[in-house]
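Working notes for the structure below.
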Amino acid sequence: MSLVNAAHGRGETSAVHPTGERPHAGRRTIRQVVGAYAALAKPRVIELLLVTTIPAMFLAGREIPSPWLVLATLVGGTMAAGSANALNCVIDADIDKVMNRTKRRPLVRDSVPRRGALIFGLAMGVASFAVLYFTVNLLSAILAIATILFYIFVYTLVLKRRTSQNVVWGGAAGCMPVVIGWAAVTETVQWPAFVMFGVIFFWTPPHTWALAMKYREDYERAGVPMLPVVATAEHVAKQIVIYSWVMVAWTLLLAPATSWLYTSFALVAGGWFLFYAHSLYASVKRGETYKPMSLFHRSNTYLMIVFVALAVDSAIGLPVLGLPF
């Protein structure tokens, strides 16, 4: 579905009250309208922005950054993420209608017109560039727009409906907040930013595939070839273990730019997460009842621990370990 078609398309059905009457637009309060548009931005997804951007800014200067710079970066970054998510809702409205997990989204319930959602998404993108350009710097603004374009044109329109590797490569968009945060402080992009990018890149498949294992029938019904749809549960669990090991090893690449504090937390949290990744694989392999959502929720906790440790380590300013040569 193209953006143009999505903007002009009309659903065959509209939301109705239990009485059978169609809701009258005039009965909706301003709060309901604002809430519907806010839901387009998927605020819970944007939590990743907060968890990763701020620690990246701390690490960039090995100190607590200016609160105003942090606020401006978060506002601009949130607008960029909201823009990408809103445009994603426009394009994927047909998929969302048939998935139980997404059937309460604004476009599915007709609480926001598609044209309005498209305009909202585009406006948020323009606003994100303006905020970052005028209050942060040009590089962060360009990176934010590049992230939106990648998420929409590479992931949503090309990868998502065509390959089981969609979240592997498409997940790169979710890795960009750390790069934007680093650029906001330094006006450059240096190697630690790319390492943090890699941590989230390798974290995304275990996180998303665990969710997709739970909602496999949803994705299958929608025609989205997520890995759990096209492969056995054992294969998926094995891939989760592999990516988890790479992810944990990748976090240790930040050791030269941090102190023993971060490295210790990265090792402990990594071992904790690997234990549950292997437990999921063992349960699937033995044919036992498994709970992928347990790993999904723990993946959020794991990422938070690693990046909070990164922020604390940088704020304290302990001597960095440096390179061993």
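The values are calculated or read from the model by the stated rules, or taken from the named source; none is laboratory data. All values derive from a computational prediction rather than experimental measurement. Note that we place each Cβ from the backbone using ideal geometry, even for glycine, and neighbour counts take in every protein chain shown. The area values use the complete protein model at the heavy-atom level, side chains included, leaving out ligands, DNA and RNA. Shrake-Rupley method; radii C 1.70, N 1.55, O 1.52, S 1.80 Å.
Values for this structure:
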{"item": "Rg/Rh for the stretch 94-148, where both radii come from Cα atoms and Rh is the Kirkwood radius", "result": "1.17"}
{"item": "Span-rule helices in the chain, defined as complete DSSP H runs reaching 30 Å or more along the axis (Cα) with Kyte mean at least -1.0", "result": "67-91, 114-135, 191-214, 260-285, 292-316"}
{"item": "Gain on full stretching of the segment that runs from ALA249 to ILE64 - 0.36 nm per residue minus C-alpha separation", "result": "63.9 nm"}
{"item": "In the stretch 196-291, trypsin sites (Lys or Arg not before Pro) in a DSSP loop with at most 13 other beta-carbon atoms within 10 Å", "result": "ARG286"}
{"item": "Those residues of the stretch 107-129 whose amide nitrogen sits under 20 Å from the label point placed on LEU71, 7 Å along Cα→Cβ", "result": "127-129"}
{"item": "Packing rank of 318-324, 126-132, 44-50, where each peptide gets the mean count of other beta carbons within 10 Å, highest leading", "result": "126-132, 44-50, 318-324"}
{"item": "Cα principal axis extents for the stretch 121-245, largest first, Å", "result": "49, 33, 19"}
{"item": "Most to least accessible of TYR276, TYR302 (protein chains only, probe 1.4 Å)", "result": "TYR276, TYR302"}
{"item": "Listed residues ALA117, ILE240, ALA141: farthest to the positive end of the dipole of the stretch 114-248 (Cβ charges)", "result": "ALA117"}
{"item": "Residues in the stretch 136-150 that a label on THR186 would reach, taking backbone N under 20 Å of a point 7 Å out along Cα→Cβ", "result": "136-147"}
{"item": "Rounded to the nearest 20 debye, dipole of the chain from Cβ charges on Lys, Arg, Asp, Glu", "result": "1000 debye"}
{"item": "Along principal axes, Cα extents of the stretch 203-325, largest first, whole Å", "result": "52, 28, 25"}
{"item": "Lysines with Cα under 29 Å of LYS42, excluding same-chain neighbours fewer than 8 positions away", "result": "LYS97, LYS103, LYS160, LYS214, LYS291"}
{"item": "Two-site FRET efficiency, VAL158 against ILE242, from Cβ-Cβ distance with R₀ of 22 Å, rounded to 0.05", "result": "0.35"}
{"item": "Spin-label model distance (nm) - ARG286 vs ARG28, 7 Å beyond Cα toward Cβ", "result": "5.1 nm"}
{"item": "Estimated FRET transfer efficiency when R0 is 25 angstrom, pair LEU274-THR232 (beta carbons, to 0.05)", "result": "0.70"}
{"item": "For the chain: Kirkwood Rh in Å [reciprocal of mean 1/r, alpha carbons]", "result": "20.9 Å"}
